[in-house]
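Below is one structure, written out as structure tokens, with a few remarks after it.
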Amino acid sequence: MNVQMEIYSKKVKREHAEPPGIILEYVQGGEPKTRSIDLLDLRPDTDAIALVEEIQKGEPLITASCKEHVIHLVRRLQEKLGEKEDHKFCLFKVLRAHILPLTNVAFNKSGSRFITGSYDRTCKVWDTASGEELRTLEGHGNVVYAIAFNNPYGDKIATGSFDKTCKLWSTETGKCYHTFRGHSAEIVCLSFNLQSTLVATGSMDTTAKLWNIENGEQIVTLSVCLPSLCF
């Protein structure tokens, strides 16, 4: 069994009495799967190493190679449990992003980067921490309305436009891999599948189309009710 795994801590949401825990995300047989482990008895003074060793006995996905990472996540959860609940939110940055109004914003999975679409026909890639503009994706002939990263990977960006096309870009270089043509009206929504092999586009022509990311070919056209779609 070939298993590739990523491990994330669950957010502590005291207001909803949700228990802390960890989420295992792994690929088995080419299919993405998740498994959640609730840590009902976790306290700020719990022995994290002993707890993880106990979990390992019943969870074969937590191997010796990822044990230290799991311990690290448990300790981060303990820090959250020990925090006071007087959180305050403040304005972080104001970015003068585009010369015309924005249409959409989307983050990659880690939150380290985000993208903005605009009536100025561009999509911009930003560094979240610094607010630095990393690159501008240019090529559409009309409003860039729908945008998305191919999360959880984040190495590609899709942009859907009122010019009736969708473009696929490299996050790192800004190279345009494909321009998907076939809709007869504005593209207003789009979505990647989890494996990042397909992108779906929804249009005001009341159709959704599936596209092959590798070769840029259209796979199928579906009749849909807008304004949104997802895998």
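Count neighbours as other Cβ atoms within 10 Å of each site's Cβ, and list the GluC sites (Glu not before Pro) in the stretch 136-214 that are DSSP loop with at most 15 such neighbours.
GLU172, GLU214
Expressed as a whole number of Å, what is the distance separating the alpha-carbon centroids of the stretch 128-168 and the stretch 41-67?
The distance from the Cα centre of the stretch 41-67 to that of the stretch 128-168 comes to 40 Å.
Under the rule of -39500 (n - 2.57) per DSSP H run of 4 or more residues, summed and divided by the residues of the chain, what mean residue ellipticity at 222 nm is obtained, to the nearest 500 deg cm²/dmol?
Helix contribution divided over all residues of the chain: -3500 deg cm²/dmol.
With N set to the number of residues, divide the alpha-carbon radius of gyration of the stretch 162-222 by 2.2 N^0.38 Å and report two decimals.
For the stretch 162-222, the normalised Cα radius of gyration is 1.06.
Once you place label points 7 Å from the Cα toward the Cβ at LYS88 and GLU132, how far apart are they in nm?
Those two pseudo-labels are separated by 3.0 nm.
Can you give the direction-averaged projected area of the convex hull of the alpha-carbon atoms in the stretch 51-159, in nm²?
That works out to 9.9 nm².
For the stretch 140-210, state which chymotrypsin sites (Phe, Trp or Tyr not before Pro) are in a DSSP loop and have at most 14 other beta carbons lying within 10 Å of their beta carbon.
Here the chymotrypsin sites (Phe, Trp or Tyr not before Pro) that fit, given the DSSP loop and packing criteria, are TYR153.
Mind giving me the FRET efficiency for ASP38 and CYS230? R0 is 35 Å, r the Cβ-Cβ distance, nearest 0.05 is fine.
Once rounded, the FRET efficiency stands at 0.85.
Which of the pairs LYS109/LYS167; LYS33/LYS93; LYS124/LYS164; LYS88/LYS109; LYS80/LYS109 have their Cα atoms more than 26 Å apart in this structure?
The answer is LYS33/LYS93.
Between ALA50 and LEU95, what is the label-to-label distance in nm when each label sits 7 Å out along the Cα-to-Cβ direction?
4.6
Once you keep just the Cα pairs under 8 angstrom separated by 6 or more residues, what percentage relative contact order results for the chain?
10
Over the Cα atoms of the stretch 91-231, Rg to Rh with Kirkwood Rh, two decimal places?
Ratio of gyration radius to Kirkwood radius for the stretch 91-231: 0.95.
Within the stretch 27-43, what residues put their amide N at less than 19 Å from the label point 7 Å along the Cα-to-Cβ vector of THR197?
27-34
SER112: net charge of surrounding residues, Cβ under 13 Å, Lys/Arg +1, Asp/Glu -1, itself excluded?
In short, -2.
Select from the stretch 111-203 those trypsin sites (Lys or Arg not before Pro) which occupy a DSSP coil region and have at most 12 other Cβ atoms within 10 Å, ordered by residue number.
Taking the stretch 111-203 and a limit of 12 other Cβ atoms within 10 Å, the loop trypsin sites (Lys or Arg not before Pro) found are LYS175.
How large, in percent, is the carbon and sulfur part of the accessible surface of the stretch 79-173 at a probe radius of 1.4 Å?
That fraction is 50 percent.
The values are calculated or read from the model by the stated rules, or taken from the named source; none is laboratory data. Keep in mind the model is a prediction, meaning the values are calculated, not measured. Ideal geometry is used to build each Cβ from the backbone, glycine not excepted, and the neighbour counts take in all protein chains shown. Just the protein is used for accessible areas: all its heavy atoms, side chains included, with ligands, DNA and RNA removed. Shrake-Rupley method; radii C 1.70, N 1.55, O 1.52, S 1.80 Å.
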